[in-house]
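To keep things clear, I will list the structure first and then write my remarks on it.
Taken together, the values in this text are just the output of simple stated rules run on the coordinates, not laboratory data. In this text the structure is predicted, and so the values were computed from the model without any measurement. Ideal geometry is used to build each Cβ from the backbone, glycine not excepted, and the neighbour counts take in all protein chains shown.
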Amino acid sequence: MGQRIASRETFDGLLEEIRACTFCQGLPLGPRPVIQADVRARILVIGQAPGTRVHHTGIPWNDPSGDRLRQWMAVDRATFYDASRIAIMPMGLCYPGRGKSGDLPPRPECAPLWHGRVWEHLTNIELVLLIGQYAQRHYLQEAGFGRFASLADRVRHWRDFGPRYFPLVHPSPRNRRWLSNNPWFEAEVVPALRERVATLLAR
């Protein structure tokens, strides 16, 4: 019991350090790292980077993309924001700014700076949702990333990366056309995702 408490206190200190990070200078809205984590969590969501609404509220996936993601997972907000059940750590923890066709990519310094240190404490994670190309490129290199030419191929062959990793398309409203052109995703992938999530949350 004493070891568990000590580990928890150490992790709380790390989270405080992350939330106070100002490593990336010149961010358009300033630094505000957004992360949700607890050593008890069994599911980890790794997306791209916070949008403006998430930046202003400090709540991850607090936007229409989050609404769709929770629908795909078949979880309510209370469950999704229970850090003891679901951890959330984007590739870039701060809003990166806006480019010509949408938000900029996550800052490349962020994941190497923090992800490894966070992973040292997340020893109960059994399922990692990798949302979008940046998370998949970072985490699937040793799990066969190179065998699939596109994000759609990786998502279609999600079983090849299991049971630990589950690649997903980003649930952004901008991807409505992708979802319309790939009906197999909601017919085949979403039910499998819901079953996996429900199994882990029921423990």
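Give the calculated FRET efficiency between Cys21 and Arg137 to the nearest 0.05, with a Förster radius of 25 Å applied to their Cβ-Cβ distance.
Details: r = 23 Å, r/R0 = 0.91.
Efficiency at R0 = 25 Å is approximately 0.65.
Can you give me the distance in nm between label points at Ala202 and His56, each placed 7 Å from the Cα along the Cα-to-Cβ direction?
Result: 4.0 nm between the two label points.
From the Cα gyration tensor of the stretch 95-158, with a ≥ b ≥ c the square roots of its eigenvalues, which class applies: rounded if a/c is under 1.5, or else prolate if a/b is larger than b/c, or else oblate?
On the way: a/c = 2.10, a/b = 1.04, b/c = 2.01.
Because a/c hits 1.5 or more and a/b fails to exceed b/c, the stretch 95-158 counts as oblate.
Provide the per-residue ³J(HN,Hα) series for the stretch 128-142, in order, calculated from phi with Karplus coefficients 6.51, -1.76, 1.60 and θ = phi - 60°, each as a whole number of Hz, with x at glycine and proline positions.
Karplus values, whole Hz, x for Gly and Pro: 10, 8, 9, 9, x, 5, 5, 5, 5, 5, 6, 9, 10, 4, 8.
For the chain, what are Rg and Dmax over the alpha carbons, in angstrom?
For the chain, the Cα radius of gyration and maximum Cα-Cα distance read 16.5, 53 Å.
Among 93-104, 163-174, 191-202, how do they line up from the highest to the lowest mean number of other beta-carbon atoms within 10 Å? Walk me through the numbers on the way to the answer.
Values: 93-104: 16.2, 163-174: 18.5, 191-202: 14.4.
Put in order of decreasing packing, that is 163-174, 93-104, 191-202.
In whole Hz, what ³J(HN,Hα) sequence does the stretch 173-180 give by Karplus (6.51, -1.76, 1.60; θ = phi - 60°), x for Gly and Pro?
x, 5, 9, 4, 5, 4, 5, 5
About its Cα centre, what dipole magnitude does the chain give when the only charges are +1 on Lys and Arg Cβ and -1 on Asp and Glu Cβ, stated in debye to the nearest 20? Show your work: numbers first, answer last.
Details: 27 positive and 19 negative charges, 89 e Å.
In debye, rounded to 20, the chain gives about 420.
Report the Cα centroid-to-centroid distance between the stretch 48-113 and the stretch 178-203 in angstrom, as an integer.
When both Cα centres are located, 19 Å separates them.
Mind giving me the nanometre distance, one decimal, between the label points for Arg176 and Arg159, set 7 Å out from Cα along Cα→Cβ?
3.3 nm
Taking only C-alpha pairs under 8 Å that are 6+ residues apart, what is the relative contact order of the chain in percent?
On the way: 294 pairs, mean separation 48.6, N = 203.
The normalised contact order for the chain reaches 24 percent.
On a full-extension model of 0.36 nm per residue, what is the gain between Phe145 and Thr10, subtracting their alpha-carbon distance, rounded to one decimal in nm? Could the numbers behind the result be given before it?
Details: separation 135, 0.36 × 135 = 48.60 nm, distance 3.35 nm.
Length difference between fully extended and current span is 45.2 nm.
Projected onto the charge dipole of the stretch 2-201 (+1 at Lys/Arg Cβ, -1 at Asp/Glu Cβ, origin at the Cα centre), which of Ser150, Pro31, Pro106 gives the Cα projection farthest towards the positive end?
With unit charges placed on the Cβ atoms, the residue in question is Ser150.
Between Trp184 and Thr79, what is the spin-label point distance in nm, taking each point 7 Å from the Cα along the Cα→C-beta axis?
My value for the distance between the label points is 2.7 nm.
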